[in-house]
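The values are calculated or read from the model by the stated rules, or taken from the named source; none is laboratory data. Please read these numbers as outputs of a predicted model, since none were measured by experiment. We place every Cβ from the backbone using ideal geometry, glycine too, and count neighbours over all the protein chains shown.
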Amino acid sequence: MNRKKFIKICGLNCLGLTCGTLVLESCVGVKFIEGTLNNEFLEIPLSAFEMIENEEIRFRKYIIVQHNNLKYPICVYRNSSTDYVALLMQCTHQGTELQVFGERLQCPAHGSEFTKTGEVQNGPADNNLRTFPVEINGDILKLNLS
Ligand code: FES
């Protein structure tokens, strides 16, 4: 194998590894759930945040809630057992659906980034994400869509 071919193969392998890591980061552990529409509320069980790890209950940092009546999913972050933040996953630049990467949401169209509270971190988007008030009723989390 000559030097040029070796460098080309190494470069492609590095690119593949980088892309694979990004895909894994975006997919591993992500929980999607279908919410239940109840008047102006989209409801999900709090247990949706639970996962078993090493025989212990742990909590997901976020889940993605979907419903047929919603054009965009809603990302719900769990900060504590009583503190949740619900964000519409619609980029405020030109409306592309956002992707979640841990504690930030990123737009695949032009690269805008938002924090887990919905604030713009990087443009071109100028406006923060739409958020929804959240209520807890027993073991149900209610997102107020009105
Ligand atoms: S549509 Fe999201 S950055 Fe342009």
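Results, tabulated for the structure shown:
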{"read-out": "Inter-residue pairs, beta-carbon under 6 Å, first in the same structural domain as Leu42 (by TED's automatic domain parsing) and closer than 16 Å to Val30 by Cα and in the stretch 68-80, second assigned to a strand (DSSP E or B) and of a type in the set (Phe, Trp, Tyr), 6+ apart", "value": "Cys75/Tyr62; Val76/Tyr84; Tyr77/Tyr62; Arg78/Phe59; Arg78/Tyr84"}
{"read-out": "Single residue of the stretch 115-129 satisfying the filter (in a loop (DSSP other than H, G, I, E, B) and closer than 20 Å to Tyr62 by Cα) that is nearest to the ligand (Cβ to nearest atom)", "value": "Leu129"}
{"read-out": "Condition broken by Glu56, with the remaining ones in (1) at pLDDT 85 or above; (2) surrounded by 10 or more Cβ atoms within 10 Å (Cβ to Cβ); (3) more than 17 Å from the chain's Cα centre (by Cα) satisfied", "value": "(2)"}
{"read-out": "Top-ranked residue in the stretch 130-139 [being of a type in the set (A, V, I, L, M, F, W, C) and in contact with a strand residue (DSSP E or B) (Cβ under 7 Å, 6 or more places away or on another chain); ranked as nearest to the ligand (Cβ to nearest atom)]", "value": "Phe132"}
{"read-out": "Positions within the stretch 91-114 being crowded, with 22+ Cβ neighbours inside 10 Å and more than 8 Å from the ligand (Cβ to nearest atom), in sequence order", "value": "Val100, Leu105, Phe114"}
{"read-out": "Among residues of the stretch 64-90, those that are over 12 Å from the mean Cα position of the chain (by Cα) and away from the ligand (no atom under 16 Å from the Cβ), counted", "value": "10"}
{"read-out": "Test for Thr131: is it within 19 Å of Ser146 (Cβ to Cβ) and either surrounded by fewer than 18 Cβ atoms within 10 Å (Cβ to Cβ) or in contact with a Gly (Cβ under 8 Å, 6 or more places away or on another chain) (or both)", "value": "yes"}
{"read-out": "All positions within the stretch 92-107 that are over 13 Å from the mean Cα position of the chain (by Cα) and either assigned to a strand (DSSP E or B) or in contact (Cβ under 8 Å) with a residue 12 or more places away in the chain (or both)", "value": "Thr92, His93, Gln94, Thr96"}
